[in-house]
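Everything below concerns the one structure shown next.
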There are 2 protein chains.
Amino acid sequence: MNIYLAGPDVFLPDALEIGGRKAELCARYGMTGLFPLDNAVALAAHDASLQIFRGNEAMMHEADAIIANLTPFRGPSADAGTVYELGYMAGRAKLVLGYSNDPANYVDRVRRFKTITDRGGLLFGADGLAVEDFGLADNLMLIHCLELHGAPLVTPRTAPADLWHDLAAFETCVRIAAQRLLPQAN
Amino acid sequence: MNIYLAGPDVFLPDALEIGGRKAELCARYGMTGLFPLDNAVALAAHDASLQIFRGNEAMMHEADAIIANLTPFRGPSADAGTVYELGYMAGRAKLVLGYSNDPANYVDRVRRFKTITDRGGLLFGADGLAVEDFGLADNLMLIHCLELHGAPLVTPRTAPADLWHDLAAFETCVRIAAQRLLPQAN
């Protein structure tokens, strides 16, 4: 069984190492991890970004499940590329799993960046737009997608010291994937 | 033909009005706009967020295309819920269209929030993670998804005065949708 390893991990300076560690964990549970950087692309090529897209899409087509790293990235929500891939895999009715190493709820995540104003029980951000207030970790589409098409978002009780390298929550997702996909794991 | 109207527009204080304007534009081109807030949900219900999810998913299943408002939201990238829906519709092989009222590229968008450091030609954010530098407006998965499964991201030459209420780029997407979906429009 092939697991697509989605996440902003690809932007880490040691992305190849973390991809290797994730693939090893998949192998330990009898599955194959597909990490975007396994596709060789010359970054200097004029169509490098398109090659990356095509490589990732081909990997998703090969994959039986996705494990998405939904730890907030450059804002209160998860990385856009990862969220796109979560939606793509859900749209194709694949098993969707995800984790966030930041267990905070969305309102608290928004509050880290900007003041939130309470207007008669409805919360608004400094941008004047409402702040989703359902006690969920991120936008409801992501959270309920996982619940209904995979398993609830996996989060640690408290954020690990190293948000980008701690793989405990990731390993929980791998274990769930094995239980769902491999008959002998049950 | 039904067009799913995705975007953080639902968080605007005048969301119902903007949804109405978008639906009117769709009607003018002979199509039906499906706006998430058309689903009646009591926000006080204990399972309100799940009801919203189910309503949006049902609307996406009814829709022949999505027009996603990918204007940056609370960070350099598009709204997470909207990006999820873009991926979901692409995964289901529907026509995917999108616009951003902010024509800036991703590197400039990141720079608005935090310093970017150039290390030997590779850009890194203040978070220590690499900054995608392909001259694209957002994460490459979103941008190339639109190119390959719909039409290139629609952006104005310069940002309109009102990022959240200007519908010129949206209308361009509606026109493209009509050309693709309605034989009589050609």
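Among the residues making up the stretch B:140-186, those that are in contact with a strand residue (DSSP E or B) (Cβ under 8 Å, 6 or more places away or on another chain), among the aliphatic types (A, V, I, L, M) and over 12 Å from residue B:31 (Cβ atoms) are B:142, B:146, B:151, B:153, B:154, B:169.
Hey, any hits in the stretch A:34-54 for a residue that's away from chain B (no Cβ under 12 Å) and touching a residue at least 24 places away in the same chain (Cβ under 8 Å)? Checked the stretch A:34-54: at least one residue is away from chain B (no Cβ under 12 Å) and touching a residue at least 24 places away in the same chain (Cβ under 8 Å). Looking at B:75, B:33, B:19, just one residue is outside the structural domain of residue B:130 (by TED's automatic domain parsing) and closer than 20 Å to residue B:150 by Cβ, and that residue is B:33. Contact map, the stretch A:81-102: first residue modelled with pLDDT of 95 or more, second residue polar (S, T, N, Q), Cβ cut-off under 6 Å, separation 6 or more or different chains; pairs are A:81/B:139; A:100/A:71; A:100/A:155; A:101/A:71; A:102/A:71. Counting only residues that are surrounded by 14 or more Cβ atoms within 10 Å (Cβ to Cβ), part of a loop (DSSP other than H, G, I, E, B) and within 9 Å of another protein chain (Cβ to nearest Cβ), the stretch B:114-132 holds 5 of them.
Those helices (runs of 4 or more DSSP H) of the stretch B:1-96 in which 3 or more residues are touching a Phe, Trp or Tyr at 6+ places or on another chain (Cβ under 9 Å) and surrounded by fewer than 23 Cβ atoms within 10 Å (Cβ to Cβ) occupy B:15-28, B:48-62. Taking the criterion of being within 8 Å of another protein chain (Cβ to nearest Cβ), surrounded by fewer than 23 Cβ atoms within 10 Å (Cβ to Cβ) and assigned to a loop (DSSP other than H, G, I, E, B), the residues of the stretch B:133-164 that qualify are B:134, B:136, B:164.
The values are calculated or read from the model by the stated rules, or taken from the named source; none is laboratory data. Source: prediction; values computed, not measured. Virtual Cβ from ideal backbone geometry, glycine too; neighbours counted across all protein chains shown.
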